[in-house]
Structure formats: C-alpha cells, structure tokens
Amino acid sequence: MVQVPGLQDPTRLKQLLGKTAKLDFRMVDSNVSPEQAQQGSLPPEDELLHGTGKESSQQYVIEKRVLVSGGDLTDAQPGFDPRTSEPIVSFRFNTSGARKFAEATQQNVGKPFAIVLDNEVISAPVIREPILGGSGQISGNFTVQSANDLAILLRAGALPAPLTIIEERTVGPGLGADSIARGKLSSYVGAAMVVFFMMVTYGLFGLFANIAVAINVAMIFGVLSLLNATLTLPGIAGIVLTVGIAVDSNVLIYERIREEVRGGRSAINAIDAGFKRALATILDSNITTFIAAAVLFYIGTGPVRGFAVTLGVGIITSLFTAFTLTRLIVAYWVRWQRPQRVPI
C-alpha cells in the first residue's frame, strides 16, 4: 500500500514505481564505432545502447563489464551544476563502490565511460582525472523533474516484481476536513452528554468526576505530545471512549459508596470504603481493556494503532485520575464540609 499525501498526479507516481532503476557505470569501447557495430562488427564483450532524452537518437558501443553497479550507491540528490546551472544528480558510493570507482577512473584517464540507466546511456563523459572521493554527479540534459525522479529511483532502488494496480483512490482535502469536523463535533456532543449524565445522576460528586475527566483528557494530550503522536480520527474515537471509561470508574466508586451508606456506615467511612472496595473491580475491567488495546497496537496497522495508542494512554490516565485526583477532591470537600450525609 502506497499513500502519498499532497500528490497531484497519480499517473506519474505509477510510472515512477514501475521503473527498475538499474544503474551501471561502464566503459565506452572507443575502438568500435556505432556504425561498425550496426554493420555486424560488434565484439561479443560489447553491446550497442541508445542514449536518453535529447540524445535518444545517438548510439554508443558499451562494454558489458560493469565497473560499479547502482547497488553500491548510498545516496543520490538532485541539484544544479554551478558552472552551467543545468539540473544534475549528485551521488555517493559506499566504501566498496568508492574503491572500485577510484580504481576504474585511475586506470582510464582520458577515456569516456558511460552511465547506463535501464540499458540506456544517460551520459558518457570523458574521465579527466581520477575520482577518489567516492562521489560524483550525473548530467545528461535533465529537466528539474527528471533529475528529481532519477534521484528518487536511485535512492529507493528497484521493485523486485512488476507493478499491478489493484485499487487506486484519490481523496480530496475537502473530504478529510469534513471528516475531522464531524469527528470533533461528535466528540463534543459525546463529552457533553457524559457531563450532563454525571451531574444529573450524582450531583456534586458528578461535578467532581467531571473535573477529573477534563484533567484526564488534558493528560492524554500531554502524553501524546511527549510521544510525538499524530492525532487521527480513530485517535479521537479512542479519546471519546476513554472519557466513558474514566466516568465508568467514578460510577463504580460512587455506587459502592451508596451501598456502604445503605449498610449503615457514616458518610466519611462510606466514602473511604467506597474508594477502597471499588479498586479491585476497576482494576479488573481496565486491565482487560488495556490488554485488548495492546493486542490492537501490536497486530493492527495505521489508524487501528492510533486508536490503540489513545485508548491505552487513556486507560492509564483514567486509573490515575479516578484513584488520586477524584479522591483528593473528595477528601478536600470532606475536610471542608464535615458532611453528615453523602450528597449522591
């Protein structure tokens, strides 16, 4: 699967992926002219190749022996010749390639050598002096676009199989923006409904839970920023689900407090017992959900992993806020009010 954000011409991408980019550096056989080769005087160790671009009508007698192959390249970048301002491609060899290239240029000073791409001669310059630095440049009547394409091909290498297009989709930026807007709207609506439910059901303690959930969401964004994570639509869905999970922990705690009050405990003892006895249940539910998120992360790809990351981070932060932040807020309220009854 190939995804290219911002690409305006899918046809060019398909052409680029379908090329083989087999690059060789070979010597030109100056003892045999192209005319002699056409008349049948081509030595067995040579072959007749055509040029590319503006020189496509020109022919060269090239030795089959490869001096250095494209496999020894470590980098290729498009650029411009400082003398002529023509587009070029600068390249750099690895240690083995640099050694072989240096030996070949030392032994053939004054002779032309050919840069052959996919059995077509890009350029056939004369070796003026030995090239010992392991780097050089390719020039051959390039346009800016063709120089950039060649650099990409040389860096990326070749596809080991023919390219067959199974499915092709082009998504405009308007559709993406609309999806993000709808995702944000659904997040706001979902969060507002959760806040409303908690306030109606648990009153003041519902307000405490909502404060903890708001801080929980802020912590999720903080952790995602530390991880340099990109927030996608599935990631937004994971955050919305986390809001529900965080509220669920508070619901379990509050319902446990209610049970303790019905059992005859005082307000302070009921609150303390509610937080302590709900811990095991909340841990069980969150650990199983975290295991599911971990499986999604390791097995899934792309958007699925984004959902798993936000869900996993949200589970950890919701556990923290439920048992530290909510409890801290309730503890300050108890110390301040000294309640005789629990307002749930």
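Only the coordinates and a few stated rules stand behind these numbers; no lab work does. Being a predicted model, the structure only gives us computed values, none of them experimental. Every residue, glycine as well, gets a Cβ built from its backbone with ideal geometry; the counts of neighbours run over all protein chains shown.
Seen from all directions on average, the range 173-337 presents a Cα convex hull projection of 10.3 nm². Report note on the peptides 87-99, 302-314: ranked by the mean count of other C-beta atoms within 10 Å, highest first, their order is 302-314, 87-99. Can you tell me the orientation of helix 95-107 relative to the chain, as the angle in degrees between its alpha-carbon axis and the longest Cα principal axis, to the nearest 10? Value to nearest ten degrees: 20.
The angle between the Cα long axis of helix 173-202 and the main principal axis of the chain comes to about 20°, on a 0 to 90 degree scale.
For the chain, adding -39500 (n - 2.57) for each run of n ≥ 4 DSSP H residues and dividing by the number of residues yields -18500 deg cm²/dmol at 222 nm.
For the chain, the alpha-carbon radius of gyration amounts to 1.69 times the rule-of-thumb value 2.2 N^0.38 Å expected for a compact globular protein.
The distance from the alpha carbon centre of the range 58-103 to that of the range 258-318 is 60 Å, rounded to a whole number.
Karplus-based coupling profile of the range 75-92, in residue order and whole Hz: 7, 8, 9, x, x, 10, 5, x, 8, 10, 6, 7, x, 9, 10, 8, 9, 9, with θ = phi - 60° in 6.51 cos²θ - 1.76 cosθ + 1.60 and x standing for Gly or Pro. Listed peptides 319-325, 68-74 appear in the order 319-325, 68-74 once ranked by packing, highest mean of other Cβ atoms within 10 Å at the front. Over every Cα atom in the range 10-156, the radius of gyration and the widest Cα-Cα span, Dmax, amount to 15.3, 45 Å. Against the chain, whose longest principal axis is taken from its Cα atoms, helix 267-299 shows a tilt of about 20°.
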